[in-house]
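What follows is a set of notes on a single structure, which appears directly below.
The values are calculated or read from the model by the stated rules, or taken from the named source; none is laboratory data. None of these values were measured; they are calculated from a predicted model. Here Cβ is always computed from backbone atoms with ideal geometry, including for glycine, and neighbour counts include all displayed protein chains. What goes into the accessible areas is simple: the full protein's heavy atoms, side chains included, and nothing from ligands, DNA or RNA. Shrake-Rupley method; radii C 1.70, N 1.55, O 1.52, S 1.80 Å.
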Amino acid sequence: MVKYGYMDLIEALRLQVEWGADEALLDAPQDRRAAAPAASASAPVQAGPAAGRVHAPRHVARHATVLPAGPAQAAKVAEGCESLEALQAALAGFTGCALRDTATQLVFADGAADARLVVVGEAPGAEEDRAGRPFVGPAGQLLDKMLGSIGLDRATVRIINTVPWRPPGDRPPTEAEVAVCLPFLLRHIALVRPRALLLLGAVAARAVLPEPERGLGIRRLRGAWRQVEIPGLAAPIPCLPSYHPAYLLRMPSAKAEAWRDLLQLREFLELLSTQG
Ligand code: URA
């Protein structure tokens, strides 16, 4: 038998966290390498709560009873929502994205329901997952400063993410996860009816911008306005891609470009104000 020391176990745990396995899904550990007990020919197969001592955790039962749902089902659900409250309730009940199984809670949005500007981020992180509000961690604090620098704050803009649940280990959401949540994101924008979108980072830009921009990196995309048609909105909406604040925290040299983007945004919003 291999004996593990205390430090080996800590290292093994640390490695798991780095790989994204940072949420406990079962009450007790499972040794998946242990041989499965041989099925007894005479033992009847039992089902239901009385079947055995090991109880399936709640999220597994949910998977077992819910069929996988794709973007088409998400679109049907989202399209039927006539208010932000209905959209939030629909998302809370939506089981088509597996991220909800590892997240603590839905991180729906922050800010004004009728904001002129919608800010689209990537995905909630650990702190947002705990708080149930987007952008409350270090990137959020920088976002607050960025908004403040052009006379905005989180009470007057609307802040949402491409996916409303935290990906395990704070990894970026996959394309499939973004695709299944996209109808909710687009419906959210249509219900707020903003005059402009600020797309923070490559994941948000890729989610919202159509081809061929979708394939470009954020360095190519940032700082240039694009008009995007959003289902449910009569006119295309101006979108400005820029750097994600988490990137700016890692790469302060990019702040000068981000500042230029913010100035453009301020100029555009001021122009809108003069037009009423
Ligand atoms: N980063 C995001 O993109 N969204 C959040 O809500 C927090 C951090």
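Does Gly140 satisfy the condition of being within 10 Å of the ligand (Cβ to nearest atom) and over 18 Å from Ser242 (Cα atoms)? Give the derivation first.
Values: within 10 Å of the ligand (Cβ to nearest atom): yes; over 18 Å from Ser242 (Cα atoms): no.
Spelling it out, it is not the case that Gly140 is within 10 Å of the ligand (Cβ to nearest atom) and over 18 Å from Ser242 (Cα atoms).
Can you tell me which residue is surrounded by the most Cβ atoms within 10 Å (Cβ to Cβ) among those in the range 154-183 that are more than 15 Å from the ligand (Cβ to nearest atom) and closer than 22 Å to Gln88 by Cβ?
Out of the qualifying residues, it is Val180.
Only one of these conditions is not met by Ala92: (1) over 14 Å from Leu186 (Cβ atoms); (2) surrounded by 15 or more Cβ atoms within 10 Å (Cβ to Cβ). Which number is it?
(2)
Would you check which residues across the range 177-207 are under 12 Å from the mean Cα position of the chain (by Cα) and not acidic (Asp, Glu) and list them?
Matches in the range 177-207: Val178, Ala179, Val180, Cys181, Leu182, Phe184, Leu185, Val203, Ala204, Ala207.
Under 6 Å between Cβ atoms, which residue pairs at least 6 apart in sequence (or on different chains) link something in the range 127-143 that is surrounded by 23 or more Cβ atoms within 10 Å (Cβ to Cβ) with a partner that is aromatic (Phe, Trp, Tyr)?
Filtered contacts from the range 127-143: Leu143/Phe135.
Mind checking whether some residue in the range 242-249 is small (Gly, Ala, Ser), away from the ligand (no atom under 15 Å from the Cβ) and part of a strand (DSSP E or B)?
no
What residue, among those in the range 219-238 that are assigned to a helix (DSSP H, G or I) and open to solvent by 30 Å² or more (accessible area, probe 1.4 Å), is nearest to the ligand (Cβ to nearest atom)?
Looking at the filtered set, the residue picked out is Arg219.
Looking at the range 199-213, is at least one residue assigned to a strand (DSSP E or B), open to solvent by 60 Å² or more (accessible area, probe 1.4 Å) and farther than 21 Å from Ala78 by Cα? Break it down stepwise before answering.
Here is the first cut: in the range 199-213, the residues assigned to a strand (DSSP E or B) are 199-200.
Filter once more, keeping what is open to solvent by 60 Å² or more (accessible area, probe 1.4 Å): none.
No: zero hits.
Does Val107 fit the bill of being modelled with pLDDT of 95 or more, away from the ligand (no atom under 13 Å from the Cβ), crowded, with 22+ Cβ neighbours inside 10 Å and over 18 Å from Tyr247 (Cβ atoms)?
no
Please enumerate the residues belonging to the range 144-153 that are surrounded by fewer than 18 Cβ atoms within 10 Å (Cβ to Cβ) and within 16 Å of Arg195 (Cβ to Cβ).
Ile150, Gly151
Out of the range 250-267, which residues are within 16 Å of the ligand (Cβ to nearest atom) and open to solvent by 60 Å² or more (accessible area, probe 1.4 Å)?
Selection gives Arg250, Met251.
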